[in-house]
Amino acid sequence: SLLQEIKVSSNPGTVVVTMKMLLSFGAVLLLACSLEATKGPKVTHKVWFDITIGGEEAGRIEIGLFGKTVPKTVENFVQLANNEEVGEGYKGSKFHRVIKDFMLQGGDFTRGDGTGGKSIYGDKFKDENFKLKHYGSGWLSMANSGKDTNGSQFFITTKQTSWLDGRHVVFGKVISGMDVVRKVESYKTDGRDKPVKDVAIADCAGEALAEEDFFATAKEASTE
């Protein structure tokens, strides 16, 4: 039997090791490795978007942001979410590009077509780091036009997009409202991947959490 005791002789005594003990230890080790692999970054800030499609309420998307891992990128996103002036932040802006089984792209509040937007640091700022990856649906990442060209545009993944790892800065994850993300993802688009009716951020805001309220999120797809 695999659970049979294996006796190993040694001086000065005899050490008895059971297969049961070895199997139990192996299971614990595998569990620890699994937990370490899925343990993700800490949410330090939250931003919410109230979405409308064609002027009708579609629901709220709430996003957790990783201010310890990518503080500069998170600060940019939160301040733009809190700017009440239309044309200076995310309020009133649109998701101009939606591709099913890929992502929703928004954040161009100056031109609305993917050629504009700006950061709180100036037109563009450098890639902060690539510590996080596009682990699955619901991850938030900066859109860019090449290295070190971050502004205000962002995208939310609707599947794992590994080919974007190391090229786009991941800095958040949807923590509620994936049903709204799916609703937008499934909405009809034209030949340029633009929704046929405006998908807009009707209202939005962001906040920093108290340190005791920080929480880790797993490196996996957002809960549907």
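The values are calculated or read from the model by the stated rules, or taken from the named source; none is laboratory data. The model shown is predicted, which means the values in this text are computed figures rather than measured ones. Neighbour counts are summed over all protein chains in view; Cβ atoms, including those assigned to glycine, are modelled from backbone coordinates with ideal geometry. Only protein heavy atoms, including side chains, enter the accessible area calculation; ligands, DNA and RNA are left aside. Shrake-Rupley method; radii C 1.70, N 1.55, O 1.52, S 1.80 Å.
Every listed requirement among (1) under 15 Å from the mean Cα position of the chain (by Cα); (2) under 26 Å from residue 82 (Cβ atoms); (3) surrounded by 14 or more Cβ atoms within 10 Å (Cβ to Cβ) is met by residue 221 save one, (2). Within segment 93-109, is even one residue open to solvent by less than 10 Å² (accessible area, probe 1.4 Å), of a type in the set (Val, Ile, Thr) and modelled with pLDDT of 95 or more? Yes, because at least one residue in segment 93-109 is open to solvent by less than 10 Å² (accessible area, probe 1.4 Å), of a type in the set (Val, Ile, Thr) and modelled with pLDDT of 95 or more. Within segment 181-208, the set of residues being free of Cβ contacts under 8 Å to residues at least 24 places away in the same chain and either buried (at least 18 other Cβ atoms within 10 Å of the Cβ) or in contact with a Pro (Cβ under 9 Å, 6 or more places away or on another chain) (or both) comprises just one member, 188. Take the residues in segment 129-168 that are of a type in the set (A, V, I, L, M) and surrounded by fewer than 24 Cβ atoms within 10 Å (Cβ to Cβ); name whichever of them is nearest to the chain's Cα centre (by Cα). Here the residue is 132. Return the residues of segment 47-65 that are open to solvent by less than 70 Å² (accessible area, probe 1.4 Å) and closer than 16 Å to residue 205 by Cα; say none if nothing qualifies. 47, 48, 49, 50, 51, 52, 59, 61, 62, 63, 64, 65 - these are the residues of segment 47-65 that are open to solvent by less than 70 Å² (accessible area, probe 1.4 Å) and closer than 16 Å to residue 205 by Cα.
Each residue in segment 58-107 was checked for being aliphatic (A, V, I, L, M), over 23 Å from residue 223 (Cα atoms) and assigned to a loop (DSSP other than H, G, I, E, B), and 1 of them qualify. Residues in segment 78-119 that are within 23 Å of residue 162 (Cα to Cα) and aromatic (Phe, Trp, Tyr): 95, 102.
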